[in-house]
Amino acid sequence: GLLDMMDEIYGFCDGDWWSDFERNLGKIDVMGYAQQVAIENPVELASDHCDSTWTDAQIAIENKMTELKNSLQACFEEWVEQLNAPSADKQIYLDSADAKFLVFNYTRTLEELYGISESKILHIHGEAGKGETLIIGHGKTIENLHKEYPTPSDLYHQGKLDEETANSYDIHDEMAWDEMFSQVSSMQKPVEELIKQHKDFFKSIKGVKKVCVYGFSFSGVDMPYLAKTVKMAPQAHWLISCFSPKDRNRAREFSVKYGITDYSHIRLSEVTNPMQLEIDYS
C-alpha cells in the first residue's frame, strides 16, 4: 500500500512527517535510493540481453515513483473528499464585504459555512467536489535537490572529488541518479506557474489595506503566494493567526524577511466576534 511505499522510499513516515507532508515530499535521499535500486537491478554482463539491462534500474525507479505519485494523489483526494463538514460552533468572524479570499485547503468552507460568493474566492490548488486534480507538492527545484544530494559529477565540479573517482561510475548508475532527480523534481508544486495563471486575482488585491492570514503554516512550499501579496499590498496591516509557538516564530521570520512591520498575531480560536480582532497578542 501507499504507507509501505512511503516508508520504503522516504524512510519511516510517522505522524510528524505527515503533519507537514508537502514540505517532507522533497526530503528524500535521492542518491541513496537511486543507489539502492541500482544495486537491486545490476547489469547482467554475462547475459545475452546485456545491453537492455543497462536501463533496468532507471525503469525500476520510473515505475516505482510513478506508482507512488499516483497512489499518493489518489489517497490524498480521497481523504479530502471524506473530510467532515466544518462545524458552525467553530465559526470565526470574517468581514467579507470588500474582501477577496485565497484558499489553500481545497475545501468549500467559505462557500458553505460562511455563505461567501464564489466570485470572491480563489481555490489556487483546486477545489474538492469539483472533480478537479488537487495540486500537491514540495518546494524544491532540481537545483536544490542536487545541492542537497550531490552526484559524483556535482562533487567534482565543487572541487570535493577527484576526476578519476567522479568518472569511475558507469552509465547504469548515472541513469538511475538522473531518473531519480527527474522523478522527485516532478513532484514540485508549480507555485510560480499558478501565480502567473491567476495574475488577475493578484492584481485585484493591489493596494489592499488589510491582509488576514488564518490557519497558514508558513511552509516554504506556499510562501511565494504571501511574497506576491506583500508586493501587491506593501502598505497593508497583516493580521496573522498563530496556533503554536512554532507558528508564531515562523510568522515573525516571515515578517522580518519581507520587511513587514505593521502586523499583529492572534489566536484564531478566540476570534469569534469583530471586537476580538482588535486585540493584539503579539
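The values are calculated or read from the model by the stated rules, or taken from the named source; none is laboratory data. From a predicted model like this one, the values you see are computed outputs, not experimental measurements. For neighbour counting, all protein chains shown are included, and Cβ atoms are generated from backbone atoms with ideal geometry for every residue, glycine included. Just the protein is used for accessible areas: all its heavy atoms, side chains included, with ligands, DNA and RNA removed. Shrake-Rupley method; radii C 1.70, N 1.55, O 1.52, S 1.80 Å.
Miscellaneous remarks
- Rounded to whole numbers, the Karplus 3J(HN,Hα) couplings from phi for region 106-116 are 6, 8, 9, 4, 5, 6, 8, 8, 9, x, 7 Hz, using 6.51 cos²θ - 1.76 cosθ + 1.60 with θ = phi - 60°, and x at Gly and Pro.
- Net charge, residue 194 excluded, C-beta distance under 12 Å - Lys, Arg +1, Asp, Glu -1: +1
- Within the accessible area of the chain, the carbon and sulfur atoms contribute 50%, probe 1.4 Å, all protein chains present.
- Residue-level accessible surface for residue 133, protein heavy atoms, 1.4 Å, Å²: 100 Å²
- Positive minus negative residues near residue 103 (Lys, Arg vs Asp, Glu; Cβ under 10 Å): -1
- The chain: relative contact order as a whole-number percent, Cα under 8 Å and 6+ apart: 19 percent
- Hydrophobic long helices, here whole DSSP H runs in the chain with Kyte-Doolittle means of at least -1.0 and Cα atoms spread over 15 Å or more along the helix axis, are found at 30-40, 56-81, 171-185.
- Residues whose amide H falls under 5 Å from that of residue 188, counting only those 5 or more places apart or on a different chain, are 138, with hydrogens built in the peptide plane.
- Heavy-atom accessible surface of residue 252, to the nearest 10 Å², is about 100 Å², with a 1.4 Å probe and all protein chains retained.
- Accessible surface area normalised per residue over region 91-144 is 50 Å², counting heavy atoms of protein chains with a 1.4 Å rolling probe.
- Measuring how big region 1-136 is from its alpha-carbon positions, Rg and Dmax come out at 21.5, 74 Å.
- Over region 203-264, accessible surface divided per residue gives 54 Å², non-protein components excluded, 1.4 Å probe.
- Amide proton proximity set for residue 212, modelled H, under 5 Å, gap of 5+: 239
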